[in-house]
1. Of all alpha-carbon pairs in the stretch 228-359, indicate the percentage at a distance above 21 angstrom.
2. Accessible area of the stretch 228-359 with a 1.4 Å probe: how many percent of it is carbon plus sulfur?
3. Using the heavy atoms of the protein chains and a 1.4 angstrom probe, tell me the accessible area per residue for the stretch 176-248 in square angstrom.
4. Within the stretch 95-170, report the GluC sites (Glu not before Pro) that DSSP leaves as loop and that have at most 11 other Cβ atoms within 10 Å.
5. How big is the antiparallel share of DSSP beta bridges in the chain, given as a percent to the nearest 5?
6. Tell me the Kirkwood radius of the stretch 60-185: reciprocal of the mean inverse pair distance over distinct alpha-carbon atoms, in Å.
7. Give the calculated FRET efficiency between residue 50 and residue 3 to the nearest 0.05, with a Förster radius of 30 Å applied to their Cβ-Cβ distance.
8. With just the Cα atoms of the chain, tell me how far they stretch along each of the three principal axes, in Å, largest first.
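The values are calculated or read from the model by the stated rules, or taken from the named source; none is laboratory data. Remember, predicted model here, so these are calculated numbers, not experimental data. Cβ sites come from the backbone with ideal geometry, for glycine too, and all protein chains shown count toward neighbours. Just the protein is used for accessible areas: all its heavy atoms, side chains included, with ligands, DNA and RNA removed. Shrake-Rupley method; radii C 1.70, N 1.55, O 1.52, S 1.80 Å.
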Amino acid sequence: MPEAQLRRPAEEIYADELAALAKGDDRARPANWKLSPQAVVTYLLGGKASDGTPISAKYVGNRRLIETAVATLATDRALMLLGLPGTAKSWVSEQLAAAISGSSQRLIQCTAGTDENQIRYGWNYALLLAKGPSREALVKTPLVRAMEEGTLLRLEELTRMGSDVQDTLITVLSEKTLPVPELDIAIDATRGFNVIATANNRDKGVNELSSALKRRFNVVVLPSPATLEEETRIVVKRVGEIGGNLSLPPIQPAEKELARIVTLFREIRDGKTLNGKTKLKTSTGTLSTAEAISVGVSAWAEAAHFGDGRIDANALATNIVGAVVKDPVQDSVALSEYLETVVRTREGWSDLYEAIREVI
Ligand SMILES: Nc1ncnc2c1ncn2[C@@H]1O[C@H](COP(=O)(O)OP(=O)(O)OP(=O)(O)O)[C@@H](O)[C@H]1O
Ligand SMILES: [Mg+2]
């Protein structure tokens, strides 16, 4: 395994778990799936393989959502994971592709600049000029490769690309074929091909899905974690995994500090304290679970390299301010108000009050 690689794909990180699940998996598998649907769900939510190998939970949340997502992929409908930023849409999409197809690499990042050629196919112009249109001159996109191989294609942030480009997918999704008129051929999808798209419903600059395309997707909405405990559990787990992958120097367990980040984020995000007694201003940032995880990892790096190996208020302060204050005027006011009305008087939080006051 290449140690130098900054981020390894899910199928490499969890190769042992996937192998253990596949070995004892005697249930029916849809064509070209590496695992049965039940084993895919176990892989995502955690449990035990039949030989006793422990399977870690990748997604923390409602089992039914994951079951629906997996079941959808076994049909001829595509899957759309929808939700607020930081609700693990991309993460779940990567894990599903890794478990079902053995590879999460067939991926297209959709942006406002994505054009049809990046979805369908392009041409190698040197070959095109030298020899004219031919199969060799065709530049295959991840979509074409996924169709040929019968694997899953991941479309990240589908609604960021223009609606006209999105509609390129209609024929592919309903007819499972991609015509190449220049060569008078069609590329047919192999069994096992399907699409997982992600889209978030909060960001600015997104394009509506056309209703023709909407009908071809089953939508699964990934919610924000319901409770403080659940969100803290996710943050503690992911900070540990990400920091470990980054080989950050070990530090003291930091569950309590991470729980403080989550509390603070949830309160500002919801515009009220956890007990519902004090109303607060919300910030313009999303303050999602994903951002709490980033603050945790950055605080870890800071504590390990510049502190005493323990995440404390000082390691948290600048990172928290950076996450909360996205709009220098509005968010500074919201954070100041929160500091004065909540943090200052809360038992055991005076260190955080001092540390944040020092940096804003
Ligand atoms: N319920 C959850 N279970 C496990 N991990 C979670 C959960 N919610 C968030 N995470 C973690 O949050 C991080 C960010 O998730 P991800 O990037 O997939 O979010 P996203 O929904 O794609 O956001 P965006 O809309 O910004 O692209 C990941 O490391 C993921 O593991
Ligand atoms: Mg994403």
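1. Percent of Cα pairs beyond 21 Å in the stretch 228-359: 35.
2. Carbon and sulfur: 52 percent of the exposed surface of the stretch 228-359.
3. 52
4. 136
5. Restricted to the chain, the bridges split so that about 35 percent are antiparallel.
6. 16.0
7. 0.45
8. So the extents along the principal axes, rounded to whole Å, are 72, 51, 38.
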